[in-house]
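Notes to accompany the following structure.
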Amino acid sequence: MAELRLRDLVKVFPGQKTPAVDKVSVDVADGEFVVLLGPSGCGKTTLLRMVAGLEMPTSGQVVIGGRDVTYLPPRERNLSMVFQSYAVFPHRRVRDNIGFGLAMRGVPKPEIDRKVKWAAELLQLTDYLDRFPAQLSGGQRQRVAVARAIVVDADVLLMDEPLSNLDALLRLNFRAELKKLVSELGTTTLYVTHDQVEALSLGDRVAVMRDGRLQQVASPLEVYDNPATEFVGSFIGNPPMNFLSGTVTDGRVVLSGGDHAPSVFAPAALSSFTGRDVRLGIRAEAIQLVDESSPGAIQARVDVVEPLGSAVLLTTTVAGQQLKVQAPATFRAKPGEPLWLELPEQHLRWFDPETALTLEM
Ligand code: ATP
């Protein structure tokens, strides 16, 4: 195990004007699990491949355990990888698939047998060791790929969307298994996904990427609660964070939307923005349904009602702007009806409309 440090990594592919990865620096502490999260094409795989040594950076540095490995070939980096496609050898039995990396490293047979047995037990593959991959389910095949990656005592484990070929239920179960396994092993791990739920559930920290750049690196709770940018707020969470436009006046923010638009409390730190536009962010579940007479009640109109089982998701309009509200499962409303809402002060997040960056409070 070791610490992984990425310093100002840049990758510009030949013939491309914009970098696929643009000055990314992340440190993954010894034993830490960091998830790289972002939409398709944001550069996650390219970044991971540079760590693996499968792609040469245009500039920047990859340091594993204090050793600069930027220009070393993959086999000299002591890392193991699990990819999206079950990269298992179809003509080898499960035990030989799991032991493959060890055999390649010249590990003696009894040691290989011992480690294969250990990994098979951890990943519940003991009964399948003599089968061929074609005789396994998708989930079992992916477990073989994980088993093969963990037996080699690598310094760093790299995983690229390892759950994406599994169906929804299997994915959910395997996600929990993987979380338990990785925390028991304590291996330094860099994990790529475009699935925000997976990222929040697995990561000690989540590194959110967009267009080759890092937007925020923080704990799952922090990226959810205090997104550094509007992009992070809308990429993470289902539904995405709501964003409303407004103008700072004396101690209030008046929502944009005409003469009688409602206003909300503005924190003192916004006073330097008086007269200027700001963006207000709030999560759907933080919004309170209140009585018309309640102080601070804001009028909304219900547009869409979606019962989700555990809650009811309402799409509403406030001052001409859309606002998603999570109501209790028992809540009943019809489109077109009025509704009164409170946006609690402690849940309001503020963003600069020009940069879409959070305003430090
Ligand atoms: P996905 O989630 O879809 O796998 P990603 O975030 O992993 O996406 P990358 O595969 O790293 O994204 O790609 C980042 C950008 O670099 C994309 O615009 C992609 O088209 C481009 N790209 C990737 N590989 C190459 C290549 N070999 N040559 C040129 N451009 C490439």
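The values are calculated or read from the model by the stated rules, or taken from the named source; none is laboratory data. What you see is a predicted model, and the numbers here were worked out from it, not measured in a lab. Quick reminder, even Gly has a Cβ in these numbers, built from the backbone with ideal geometry, and neighbours come from all protein chains shown. SASA here: full protein model, heavy atoms, side chains in, ligands and nucleic acids out. Shrake-Rupley method; radii C 1.70, N 1.55, O 1.52, S 1.80 Å.
When the dipole is taken about the Cα centre of segment 1-96, and only Lys, Arg (+1) and Asp, Glu (-1) are charged at their Cβ, what size is it in debye, to the nearest 20? Display every interim value, and only then the final one.
Numbers: 13 positive and 10 negative charges, 79 e Å.
Here segment 1-96 has a charge dipole of around 380 debye.
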Principal axes of segment 270-353: Cα extent on each, largest first, Å: 42, 25, 22
Given charges at Cβ of Lys, Arg, Asp, Glu: the chain dipole, positive-most of 73, 15, 280: 73
Candidates 306, 222, 177, ranked by Gaussian network fluctuation over the chain, Cα under 10 Å, top entry: 306
Helix 109-122 vs. the chain, principal-axis angle (Cα, 0 to 90°, nearest 10): 30 degrees
Gaussian network model of the chain, Cα within-10 Å springs - most flexible of 152, 290, 26: 290
Partner aspartates and glutamates for residue 17 [C-alpha distance under 20 Å; skip if fewer than 8 residues away on the same chain]: 8, 55, 211
Cα long-axis angle, helix 138-150 against the chain (0 to 90 degrees, to the nearest 10): 70 degrees
Nearest 10 degrees, 0 to 90: helix 94-104 Cα axis against the chain principal axis: 70 degrees
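Rounded, prolate or oblate: which fits the chain when a ≥ b ≥ c are the square roots of the eigenvalues of the alpha-carbon gyration tensor, with rounded for a/c under 1.5 and prolate only if a/b beats b/c? Write down the numbers at each step before the final one.
Working: a/c = 3.11, a/b = 1.87, b/c = 1.66.
Taking the square roots of the gyration eigenvalues as a ≥ b ≥ c, the chain is prolate.
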Choice from 283, 148, 252 with maximal GNM fluctuation in the chain (Cα, 10 Å cutoff): 252
Euclidean distance of C-alpha centroids, segment 71-118 and segment 292-316, integer Å: 54 Å
Debye, to nearest 20: dipole size of the chain, +1 on Lys, Arg Cβ, -1 on Asp, Glu Cβ: 1460 debye
Rounded to whole Hz, the Karplus (6.51, -1.76, 1.60) HN-Hα couplings of segment 347-359, x for glycine and proline: 9, 7, 10, 10, 10, 7, x, 7, 9, 6, 9, 5, 8
Taking the chain and dividing mean pair separation by its residue count, relative contact order in percent (alpha carbons under 8 Å, at least six apart): 15 percent
Segment 160-175 and segment 38-56: distance between their alpha carbon centers, rounded to Å: 20 Å
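Roughly what % of DSSP beta bridges within the chain run antiparallel, to the nearest 5?
Details: 54 of 72 bridges.
Around 75 percent of the beta bridges assigned by DSSP in the chain are antiparallel ones.
Given the pairs 180/324; 44/179; 115/179; 115/180, which are separated by over 25 angstrom at their Cα positions?
180/324
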Residue 304/residue 352 FRET efficiency (R0 25 Å; Cβ-Cβ; nearest 0.05): 0.25
Proximal lysines to residue 109, defined as alpha-carbon separation beneath 27 angstrom and excluding residues fewer than eight positions away on the same chain: 117
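For segment 136-207, what relative contact order do you get, as a whole percent, if you take Cα pairs closer than 8 Å and at least 6 residues apart?
Values: 45 pairs, mean separation 25.9, N = 72.
36 percent.
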Area accessible to solvent at residue 11, 1.4 Å probe radius, in Å²: 20 Å²
